[in-house]
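What follows is a single structure, written as structure tokens, with notes after it.
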Ligand SMILES: Nc1ncnc2c1ncn2[C@@H]1O[C@H](COP(=O)(O)OP(=O)(O)O)[C@@H](O)[C@H]1O
Ligand SMILES: [Mg+2]
């Protein structure tokens, strides 16, 4: 017997393992992917759900937060399609739209026709079932340590979207992957997005996540991005899940030489959310820009945890994460930058700032640098504080009511995190979503 | 009717009594100058009038248009026509000057039940007012006061005042840090606003500004009180003799 093996302890952990055993025959994929699933489940059985004594999950004790494993979500029924059709989380942005409901690809609500030259786009279930060339790239990227949410995603994922862009090609318009949850009962949905950007190819990919308020559904999502040399990917995610949801996301990327990865996340939804981002700068001279804005109210909890691995020389990375925390909400930011031996001329700067709007709001910031090379420029900064009373007074002395003055200052504060999105309509749509949040705050008594 | 009537005003800041029984009456159409040495409480008075949190009135009354001013929030006071040009205008990163001006103007109009301006109407109005103050479009696009020179900040205050058309303007050392050309531009901007319906209180340390904005009444403030009032000649007397003589007089 192996004494290292930790027995499964919680009901949720046991239920998840049991669910897998009954679901696995229905899950798509050939023998190779089935093996990946088995390995992932074995890792989960051994590692379990993370809790506060696990450093990377210190502030988000998933074992406590995920008391029950919801049953796997049913595929969406046609009755919900009409409602989903009207639903546009980013109005005014001309996109190629892909819709996933409860983790399943919905052809009726997706536009895969006439892909531009160089674009391959197909449902993940089909890619796995058919053994498509891109299917072999799913599950290739792994974090530096065991991650329960990713393991569960690999074990359970049934669908999603696979996007491949051939070398030198360029997307004519952004691809928007809409993740919707429908239904009135708690259920778990797993989805995965694979984006492979060939050498020198250029793409913008958006993912949005939404669902009904008051339903304790569990959305587990993974985005895997592989950037070839000189590729350029703009990746935007909008997490606006329903207010009782648990949203667990893993974003993984390998960044080739002289490639550019720019990401921007807007987090407004879910009761509990976590985005774990694992980036590896595998080729020299790449440029990574990560930014995010988190807007929370009531008892919402949102965790952003980054791991940026400078594996080779001459790469730059910039991280800027802003959060505005109202009421009793809690925002967590953990960022780790690793500079490996030989990754000379690394230029890494990480910044996180929290605005505490509620008296009982809490911000946890943990930046970390781990540097094994000597010729590098690295730095980080973290701030947390309330709105500047003097600025508020200045605005009010000009006739702007307090709540509106606060909204102006909050918008200015978080706007910085969205400024860098180059696609104008998309940037405006993101700012509009943030403005919705501010308007709701202004009108709440 | 008096536009502003301050009686026996006492106010604390940080637990210390700064205003110690100040009386001042201002009628519409008048321009008053308040002069006084540093630390005499001039800025404190302006903040009390604007309603800055932390400035606690412990005694006395302030009536504006016949009503108690002190019970109003700062933004309500502004909508009712009180404007303070700050001695040290604040920088607001991330908020474009244009957005700031428009939000302020529309918020005041909304509170007064007036129609908000359309975008073209607003732009025309700003361009007209800004032109006279030598404020260009580029400045209006930049974040409020961020990277502005001292003179630009003061001109921006006057622009806000011109746009908002207040009834009672309080200018706190608007002349400090200005060279003579900038001073003239600012004074001209203020003079344009002189009217029968409007009162202006010019707070200054130096007589210089009063050559350009000629007041009807000059007050001297010392140790949190008005210690002397008179005509414009009082400003000249102060320039000649200094504040020291006055302070001994007040004591
Ligand atoms: N926030 C504060 N806390 C404590 N004392 C203050 C504060 N602000 C001003 N004071 C004091 O109040 C007095 C008057 O200041 P102020 O009104 O700025 O004078 P003036 O504008 O005439 O130079 C000074 O002694 C100053 O030190
Ligand atoms: Mg002063």
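For this structure, a couple of remarks:
- Helix-derived mean residue ellipticity, 222 nm - over chain A, DSSP H n ≥ 4, -39500 (n - 2.57), to 500: -7000 deg cm²/dmol
- Cut-off 13 Å, label 7 Å out along Cα→Cβ of residue A:370, residues of the stretch A:260-290 by amide N: A:279
- Debye log10 I(q)/I(0) at q = 0.11 Å⁻¹ for the stretch B:1-123, Cα point scatterers: -0.46
- Whole-number Å³ per residue for the convex hull built on Cα positions in the stretch A:11-386: 128 Å³
- Within 10 Å of the Cβ of each residue in A:188-198, the mean number of Cβ atoms contributed by other protein chains is 0.
- Protection proxy ranking, peptides A:433-440, A:159-166, average beta carbon neighbours within 10 Å, highest first: A:159-166, A:433-440
- Distance between the stretch B:53-103 and the stretch A:220-273 - C-alpha centres, whole angstrom: 44 Å
- Cα-only Debye scattering, the stretch A:24-113: base-10 log of I(q)/I(0) at q = 0.18, 0.22, 0.25 Å⁻¹: -1.01, -1.06, -1.18
- Size descriptor, Kirkwood hydrodynamic radius, that averages inverse alpha-carbon separations across chain B, Å: 18.7 Å
- With respect to chain B, whose longest principal axis is taken over its alpha-carbon atoms, helix B:180-192 is tilted by about 80°.
- Stretched out straight at 0.36 nm per residue, the stretch from residue B:2 to residue B:142 would grow longer than its current Cα-Cα span by 46.5 nm.
- For A:146, A:307, order by how many other beta-carbon atoms lie within 10 Å, fewest first: A:146, A:307
- For the stretch A:56-106 and the stretch A:162-201, distance of Cα centres in Å: 13 Å
- Nearest-ten-degree value, helix B:119-132 long axis tilted from longest Cα axis of chain B: 50 degrees
- Antiparallel content of DSSP bridges confined to the protein assembly as shown, in %, to 5: 20 percent
- The mean number of partner chain beta-carbon atoms within 10 angstrom of a residue's beta-carbon across peptide A:116-122 is 0.
- Considering only the stretch A:11-386, percent of DSSP beta bridges that pair antiparallel, nearest 5: 5 percent
- Counting only alpha carbon atoms, the long axis of helix B:97-111 and the longest principal axis of chain B meet at about 80°.
- Chain B, helix-only ellipticity at 222 nm - DSSP H runs n ≥ 4, -39,500 (n - 2.57), divided by all residues, nearest 500: -11000 deg cm²/dmol
- Viscosity 0.890 mPa s, 25 °C: Kirkwood-radius Stokes-Einstein D of the stretch B:18-85 over Cα pairs, µm²/s: 188 µm²/s
- Cβ-to-Cβ counts within 10 Å put B:243, A:190 in ascending order as B:243, A:190, the fewest first.
- For the residues of A:399-410, the average number of beta carbons from a partner chain within 10 Å of their own beta carbon is 6.
- Model label sites at residue A:184 and residue A:21, defined 7 Å from Cα along the beta-carbon direction, differ in position by 3.4 nm.
- Going by neighbour counts of Cβ atoms within 10 Å, the residues A:311, B:221 line up, fewest first, as A:311, B:221.
- Packing, as the average of other Cβ atoms within 10 Å across residues, places the peptides B:89-99, A:75-85 in the order B:89-99, A:75-85, highest first.
Every number in this text was worked out from the coordinates using simple rules, so none of it is lab data. Bear in mind that the values here come from a model prediction, so they are computed numbers and not experimental data. Glycine also receives a Cβ, built like all others from the backbone with ideal geometry; neighbour counts cover every protein chain displayed.
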